[in-house]
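What follows draws every value from the coordinates through simple rules; no lab data is involved. Values in this document were obtained by computation on a predicted structure and should not be read as measured data. Note that we place each Cβ from the backbone using ideal geometry, even for glycine, and neighbour counts take in every protein chain shown.
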Amino acid sequence: MADNSIKIFTGNSHPELAKLVARRIGLELGKVNVLKYSNQETSVTIGESVRDEDVFIIQSGCGEINDNLMELLIMINACKTASARRITAVIPCFPYARQDKKDKSRAPITAKLTANMLTVAGADHVITMDLHASQIQGFFNIPVDNLYCEPSMIKYIRTCIPEWTNAIIVSPDAGGAKRATSIADRLNLDFALIHKERKKANEVSRMVLVGDVRGKIAILVDDMADTCGTLGLAAKTLVENGAEKVYAIVAHGILSGKAIKVINESVIEKMVVTNTIPHDEKMSICPKIDIIDISATLGEAIRRTHNGESVSYLFSNVPE
């Protein structure tokens, strides 16, 4: 057991999730005042002592991404200069995770830059969920725990999708095939894949289904849904190929741009997302959205990290 105590702080990106995580551990959130000056500078004041404490700062990469990232960096640095023993950045949705490789000439690898900034600010450890590419862990020179939403997704399928035994797990692109096959194997279900051809970023031109979905309930599984163009087209393709119903389960529901309009007009029964990103406003205008709460996984990861226990149990199990 550690001889110091846990302090949990949150910025303005997702205070609701931070409250759920703190409640799970049985703690109150630490006092911190994060505000903007009239010239748009971010100001952070830590409102209680963190000397020699185990500090966890929860801040997701969503909404005003750059402001929230800057808030996180300043909070980490404020705790470092206030003599915290260890600072863990808990980032449910990692910002700039899609800019993880040099896919064209002169393209920046911004995920690596983000990793460098977090390390320089003073983070000793990072906890995140479902990184877009798990190699991002290698961008850091500090320990990174990449937790998975997969156990929570499996639990949702078993408890909330009637006739799930007649389902087929579908990956909307080749990149997500590994995730989808893993879920299909654990549920003992069949697997199908959709191959998409893109003309330009965020725009899909044509989709080809590999696998048989006739008479089955199709469950689309992906790590991220942004404008939802891919999911909308994928659902249409599945119904055209004889699927009875289509559900979509996504780890990070960014749902930007025309996403809500696309979901409302699509054949998707339910758009299931986790609460790594806040969705309260979107749920009021899109009744198809359903939420999987992952605060228990994050809370348990924080507790185990503090006590020096292994977190690998969380890779395949949902904490009770």
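Taking every lysine pair in the range 30-176 that is 8 or more places apart or spans two chains, those with Cα atoms closer than 17 Å amount to 4.
The lysines whose alpha-carbon is closer than 24 Å to the alpha-carbon of Lys261, local same-chain residues fewer than 8 away aside, are Lys196, Lys199, Lys200, Lys236, Lys245, Lys270, Lys282, Lys288. Evaluating 6.51 cos²θ - 1.76 cosθ + 1.60 at θ = phi - 60° for every residue in the range 163-176, the Karplus couplings come out as 6, 5, 5, 9, 9, 9, 8, 10, 9, x, 7, 5, x, x Hz, glycine and proline recorded as x. Length available on full extension from Thr110 to Leu29: 0.36 nm per residue minus the Cα-Cα distance, which gives 26.1 nm. Annotation: extensible slack from Asn77 through Glu265 equals 63.2 nm (criterion: 0.36 nm per residue apart, minus Cα-Cα distance). In a simple Cβ point-charge model (Lys, Arg +1; Asp, Glu -1; nothing else charged), the range 110-168 has a dipole of about 60 debye relative to its Cα centre. Computed from the coordinates I sent, semi-axes √(5λ) of the Cα gyration tensor in Å equals one of [x] 51, 21, 17; [y] 36, 21, 18; [z] 68, 28, 20. Tell me the label. Step by step, semi-axes √(5λ) of the Cα gyration tensor in Å for this structure corresponds to label [y]. For the range 17-156, what does the alpha-carbon gyration tensor say about shape, rounded, prolate or oblate, given a ≥ b ≥ c as the root eigenvalues, a/c under 1.5 as rounded, and a/b over b/c as prolate? It comes out oblate by the Cα gyration axes.
Among 215-225, 239-249, 299-309, how do they line up from the highest to the lowest mean number of other beta-carbon atoms within 10 Å? Intermediate values should be presented prior to the final figure.
Values: 215-225: 22.8, 239-249: 20.3, 299-309: 18.1.
Listed from highest to lowest mean packing, they are 215-225, 239-249, 299-309.
Think of the range 39-145 as having a plus end and a minus end, set by charges on the Cβ of Lys, Arg, Asp and Glu; of Ser60, Asn141, Phe94, Asn141 sits farthest toward the positive end of this dipole.
Once backbone amide H atoms are built at 1.01 Å from N, Cys228 has no partners under 5 Å, excluding neighbours fewer than 5 places away on the same chain. The string of couplings for the range 273-286 from the Karplus curve (6.51, -1.76, 1.60, θ = phi - 60°) is 10, 8, 8, 5, 10, x, 10, 3, 5, 5, 5, 5, 10, 9 Hz, one whole number per residue in order, with x for Gly and Pro.
In a fully extended conformation the segment linking Val311 and Arg214 would gain 30.9 nm over its present Cα-Cα distance, using 0.36 nm per residue. Between Ile285, Ile294, Ile254, the Gaussian network model of the chain with springs among Cα atoms under 10 angstrom shows the greatest mean-square fluctuation at Ile285. Against the longest principal axis of the chain, how steep is helix 150-160, in degrees 0 to 90 to the nearest 10, with axes from Cα atoms? That works out to roughly 50 degrees. Counting only alpha carbon atoms, the long axis of helix 229-240 and the longest principal axis of the chain meet at about 30°. Across the range 76-92, coupling constants 3J(HN,Hα) worked out from phi with the 6.51/-1.76/1.60 Karplus curve, θ = phi - 60°, read 4, 5, 4, 5, 5, 6, 9, 6, 5, 6, 8, 10, 10, 8, 9, 10, x Hz, and Gly and Pro carry x. Enter the angle in degrees (range 0 to 90, nearest 10) between the Cα long axis of helix 110-121 and the first principal axis of the Cα atoms of the chain, meaning the one along which they spread out most. Taking Cα atoms only, the helix is inclined about 20 degrees. A Förster radius of 25 Å combined with the Cβ-Cβ distance from Lys36 to Ile291 puts the calculated FRET efficiency at roughly 0.30. Remark: the chain carries a charge dipole of roughly 720 debye about the Cα centre, counting +1 on each Lys and Arg Cβ and -1 on each Asp and Glu Cβ. The packing ranking of peptides 6-14, 96-104, 119-127, highest mean first, is 6-14, 119-127, 96-104, where packing means the average number of other beta carbon atoms within 10 angstrom of each residue. With contacts taken as Cα pairs under 8 Å and at least 6 residues apart, the chain reaches a relative contact order of 14 percent.
Rounded to the nearest 500, what is the 222 nm mean residue ellipticity of the chain from helices alone, with -39500 (n - 2.57) per DSSP H run of 4+ residues and division by all residues? Provide the component values of the computation, followed by the final result.
Details: 9 runs with 100 residues, N = 320.
Rounded to the nearest 500, it is -9500 deg cm²/dmol.
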